[in-house]
Amino acid sequence: MNYFPDEVVEHVFDFITSHKDRNSVSLVCKSWYKIERYSRQRVFIGNCYSITPQRLIARFPGLKSLTLKGKPHFADFNLVPHDWGGFVDPWIKALAKSRIGLEELRLKRMVVSDDSLELLSKSFPNFKSLVLVSCEGFTTDGVAAIAANCRFLRELDLQENEVEDHRGHWLSCFPESCTSLVSLNFACLKGEINLASLERLVARSPNLKSLRLNRVVPLDTLQKLLMRAPQLVDLGIGSYVDDPSSEVFSKLKAVIQLCNSIRSLSGFLEVAPCCMSAIYPICENLTFLNLSYAPGLQGNDLTKLVQHCRKLQRLWILDCIGDKGLGVVASTCKELQELRVFPSDPFDAGNAAVTEEGLVLISAGCPKLNSLLYFCHQMTNAALITVAKNCTNFIRFRLCILDPVKADPVTNQPLDEGFGAIVRSNKSLKRLSLSGLLTDQVFLYIGMYAKKLEMLSIAFAGDSNKGMLYVLNGCKKLRKLEIRDCPFGDVALLEDMGKYETMRSLWMSSCEVTLGACKTLAKKMPSLNVEIINESEQLEFSLDDRLLVDKMYLYRTLVGHRKDKPEYVLLL
Amino acid sequence: MVLKEEPKSPESDVTSMSFEETKLTLGLPGEGRSSAGAVKCSAKRGFVETVVDLKVGSSGNCMPGGRDDTTTVIDSGAGKPPPAKEQVVGWPPVRSSRKKAINERFRYVKVAMDGAPFLRKVNLQCYSSYNQLLKDFDNLFDCSNKEESKLMDVVKRMEYVPTYEDKDNDWMLVGDVPWK
């Protein structure tokens, strides 16, 4: 390849698109490193503290699309205190100062301010796509700035963010000249919007393919929007409540029949079950259905709907569908690849909605299943072993038994054997979340069999350091390990310190790790940041090294300690 | 004293009953344990569900034909922090936005009609007006006396009158407060 001019090599690299492959290519030789870096347009940074924006800009001057992730995953479950970090502001400031022609920014679990959004909107004339997932810190004023200033905006996708809603004007900030929208998702916003503005916006967006509305958009507006945009591929419905005998509802039924491009349906943030029949005509073509935010749809309503969805590949649903409902899914949705069953009553384990039975039915009926997130009230080893026999293609297997340390209710045994069967038969498993009563044995199995495992989440499991050691020693591809409330301590933490350089991060909370061990680790491994989160009253960190650390988060980094840590974080 | 006849007027019924029998306690229907019911009702942070056991004319003296028929809607009490159920921080691992959404959107209330063998639950989010709600009561309870449930003055007519108990434990006539 060195006999070819750079332009030819670069052209070949154009066909190499995955981040992993491009990273590998850049390591082959100096010449390839150079060609690769100048031609690189998309960069993914899994931990915003592993590198600085300045170094990013220096290495990839042709950057067009940046993905950044901030807080650790357990921040989703309130385990990370407020103001921990993950601020996007320094990144946007640095990019704005540079000559980077940023077109796309995707952020996950980051803190975003209105000022950052405004700066973003004014600094990059070709900016096309903003995707914010589980972010916080901004208001609809920031969203308004994006709408107003990004002249060629194609995508504004707000997923599950905490946004302070200043009511309504942001949507009217899209100028009349903005006709480029392809994707608009504001389902997570709580406030009122100007419905007439929305209708006009949709009317002048001929390329609009994806539209996800928030709860305040009523059914009659939905009907008008669908009239304007029958070409939609992805629809998120806001409010879906009306009297089925009304004229508006008849109009909706008629217009839905015209929307035969819809492949993805979500929302129903407010729903009257009697209106669901209008949806049946488009169910046939659906590949993705997300009813996990739809209250008030009981098992029967869900089952009736699902029976029409024979081409479904991904289903997100609440557990009120019940085991029987899952049986209907199993016999109808033969193309199903991904299933997520969420709890409709997270605090009350009394209303048994789905159990191991539902999962077994799914495993038997859906041979293509490769991704599972399943909240249930109980699980048995027998069921998991059956699932493992039926399904050998799992890439993601996340099981959450709502009662954290629940044993197999039939045998009263831990669930070691069940999960062991899963990892043994699913050789491509990349992500695993465990729950239920578990001993060190399950970790022995994971270390032995889960050779492709990249992410592991553990809670209330294990007996001793051996558990954690089995995993660290056996899972060669491990990148992210997050542990809470397990009896793992210093011995496990310090056994193979070099291992953490091969991983993105390790989280341990309410375990048995001491301050002294963390200090040792930090001292021996300068390429790691070891952070202690100490929320208790005592800010005296020069305490006893024998003190048990409440929360520890460590990650590899090229740039040393971060400068923006809050007071309660100790960087060792 | 419990009336064995079937008087149609709720008002006359009320006045002829002893105070003890009009006393409302918390608990699941038919069960004596009101304390557990109380715990259950407030045990859900943010969940708007309160259980009221209508003990008017019941407690062992219940006879299908011998009770006043009122449809009652149990109002949601303001979400109080859970006293009894200990909740582990961050468990189950459900995103806060999802937890909030479910809490906000499930507004289940129990509906009891005297004479009906069991209670029903309805999700108030599914209705956009009182009329819709009342229509659904007809469907749920199959009232044999299917008068259009107009909201009338209690004194005047002997009809089914929807009432509910608010968080101050007062019996209120449905319809005074705007739907939202």
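The values are calculated or read from the model by the stated rules, or taken from the named source; none is laboratory data. Just so it is clear, the structure is predicted and the values come from calculations on it, not from any experiment. Cβ coordinates were reconstructed from backbone atoms using ideal geometry, including for glycine residues, and neighbour counts include every protein chain displayed.
For the structure I just gave you, tell me whether A:Asp157 is more than 14 Å from every other protein chain (Cβ to nearest Cβ) and over 22 Å from the mean Cα position of the chain (by Cα).
On the way: more than 14 Å from every other protein chain (Cβ to nearest Cβ): yes; over 22 Å from the mean Cα position of the chain (by Cα): no.
No, not satisfied.
Is it the case that A:Glu103 is away from every other protein chain (no Cβ under 14 Å), among the charged types (D, E, K, R) and out of contact with any helix residue (DSSP H, G or I) (no Cβ under 6 Å at 6 or more places or on another chain)?
Working: away from every other protein chain (no Cβ under 14 Å): yes; among the charged types (D, E, K, R): yes; out of contact with any helix residue (DSSP H, G or I) (no Cβ under 6 Å at 6 or more places or on another chain): yes.
Answer is yes for this residue.
For region A:463-482, check the following and say yes or no: at least one residue is of a type in the set (Asp, Glu) and touching a residue at least 60 places away in the same chain (Cβ under 8 Å).
yes
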TODO: Please find, among A:Asp141, A:Asp157, the residue that is under 26 Å from A:Asp76 (Cβ atoms), assigned to a strand (DSSP E or B) and not aliphatic (A, V, I, L, M).
DONE: A:Asp157
Open item on the list: Would you confirm whether or not region A:506-516 contains a residue that is farther than 30 Å from A:Arg396 by Cβ, in contact with a strand residue (DSSP E or B) (Cβ under 9 Å, 6 or more places away or on another chain) and either outside any helix (DSSP H, G or I) or among the acidic types (Asp, Glu) (or both)?
Closed with: yes
Task: Which listed residue, of A:Pro295, A:Pro343, is touching a Lys or Arg at 6+ places or on another chain (Cβ under 7 Å), within 14 Å of another protein chain (Cβ to nearest Cβ) and surrounded by 22 or more Cβ atoms within 10 Å (Cβ to Cβ) - done: A:Pro295
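For region A:131-155, enumerate the residues that are under 16 Å from A:Gly236 (Cβ atoms) and surrounded by 22 or more Cβ atoms within 10 Å (Cβ to Cβ). Outline the logic, then answer.
We begin by selecting, within region A:131-155, every residue under 16 Å from A:Gly236 (Cβ atoms); these are A:131-133, A:155.
Answer for region A:131-155, where residues must be under 16 Å from A:Gly236 (Cβ atoms) and surrounded by 22 or more Cβ atoms within 10 Å (Cβ to Cβ): just A:Leu132.
In region A:105-131, how many residues are in a loop (DSSP other than H, G, I, E, B) and more than 12 Å from A:Ile92 (Cα to Cα)? Please lay out each step first, then the result.
Our first condition is that a residue be in a loop (DSSP other than H, G, I, E, B); within region A:105-131, this holds for A:109-110, A:112-113, A:124-128.
Checking which are more than 12 Å from A:Ile92 (Cα to Cα) leaves us with A:109-110, A:125-128.
Going through region A:105-131 one residue at a time, the tally reaches 6.
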Task: region A:474-496 - residue that is loosely packed, with under 14 Cβ neighbours inside 10 Å and over 23 Å from the mean Cα position of the chain (by Cα) and, of those, nearest to A:Arg424 (Cα to Cα) - done: A:Lys476
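Yes or no, residue by residue, for (1) small (Gly, Ala, Ser); (2) surrounded by fewer than 19 Cβ atoms within 10 Å (Cβ to Cβ); (3) without any contact (Cβ under 8 Å) to a residue 24 or more places away in the chain:
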residue: A:Arg55; (1), (2), (3): no, yes, no
residue: A:Asp76; (1), (2), (3): no, no, no
residue: A:Leu79; (1), (2), (3): no, no, no
residue: A:His82; (1), (2), (3): no, yes, yes
residue: A:Gly86; (1), (2), (3): yes, no, no
residue: A:Leu95; (1), (2), (3): no, no, no
residue: A:Asp114; (1), (2), (3): no, yes, no
Task: Residue, surrounded by the fewest Cβ atoms within 10 Å (Cβ to Cβ), within region A:352-380, restricted to residues that are more than 16 Å from A:Pro404 (Cα to Cα) and of a type in the set (S, T, N, Q) - done: A:Ser371
Open item on the list: Exactly one of these conditions fails for A:Gly85: (1) part of a loop (DSSP other than H, G, I, E, B); (2) within 14 Å of chain B (Cβ to nearest Cβ). Give me its number.
Closed with: (2)
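Does A:Arg396 count as surrounded by fewer than 20 Cβ atoms within 10 Å (Cβ to Cβ) and more than 29 Å from B:Ile102 (Cβ to Cβ)? Give the derivation first.
Numbers: surrounded by fewer than 20 Cβ atoms within 10 Å (Cβ to Cβ): yes; more than 29 Å from B:Ile102 (Cβ to Cβ): no.
No.
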Open item on the list: I need the full set of residues from region A:165-187 which are within 14 Å of chain B (Cβ to nearest Cβ) and at pLDDT below 95, in order please.
Closed with: A:Asp165
TODO: Inspect region A:354-368 for any residue being under 26 Å from the mean Cα position of the chain (by Cα), within 14 Å of chain B (Cβ to nearest Cβ) and at pLDDT 95 or above and give the result as yes or no.
DONE: no
Open item on the list: If I filter region A:436-457 for residues that are within 14 Å of chain B (Cβ to nearest Cβ), surrounded by fewer than 20 Cβ atoms within 10 Å (Cβ to Cβ) and either more than 27 Å from the chain's Cα centre (by Cα) or within 26 Å of A:Thr411 (Cα to Cα) (or both), do I get at least one hit?
Closed with: no
Task: The lone exception for A:Ala330 - which of (1) of a type in the set (A, V, I, L, M, F, W, C); (2) crowded, with 19+ Cβ neighbours inside 10 Å; (3) more than 14 Å from chain B (Cβ to nearest Cβ); (4) closer than 21 Å to A:Ser266 by Cβ it fails - done: (4)
- [ ] With the condition kept exactly as written, say whether any residue in region A:23-33 is part of a helix (DSSP H, G or I) and closer than 19 Å to A:Met503 by Cα.
- [x] yes
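On the given criteria, is A:Arg200 of a type in the set (D, E, K, R) and crowded, with 22+ Cβ neighbours inside 10 Å?
Values: of a type in the set (D, E, K, R): yes; crowded, with 22+ Cβ neighbours inside 10 Å: no.
No.
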Task: Among (1) of a type in the set (D, E, K, R); (2) surrounded by fewer than 20 Cβ atoms within 10 Å (Cβ to Cβ); (3) within 14 Å of another protein chain (Cβ to nearest Cβ); (4) touching a helix residue (DSSP H, G or I) at 6+ places or on another chain (Cβ under 9 Å) - the single one A:Glu270 does not satisfy - done: (2)
Task: region A:238-267, residues that are in a strand (DSSP E or B) and within 14 Å of chain B (Cβ to nearest Cβ) - done: A:Gly238, A:Ser239, A:Tyr240, A:Ser266, A:Gly267
Open item on the list: With the structure loaded, tell me whether A:Val471 is part of a helix (DSSP H, G or I), closer than 22 Å to A:Asn426 by Cβ and not aromatic (Phe, Trp, Tyr) or whether it fails that test.
Closed with: yes
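Within region A:210-237, take every residue that is assigned to a loop (DSSP other than H, G, I, E, B) and without any contact (Cβ under 8 Å) to a residue 40 or more places away in the chain and give me the one that is farthest from the other protein chains (Cβ to nearest Cβ).
A:Gln231
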Open item on the list: I need the full set of residues from region A:241-268 which are more than 18 Å from A:Val182 (Cβ to Cβ) and touching a residue at least 40 places away in the same chain (Cβ under 8 Å), in order please.
Closed with: A:Gly267
Open item on the list: Can you pull out every residue in region B:75-106 that is within 9 Å of another protein chain (Cβ to nearest Cβ), closer than 28 Å to A:Lys551 by Cα and modelled with pLDDT under 75?
Closed with: B:Pro82, B:Lys85, B:Gln87
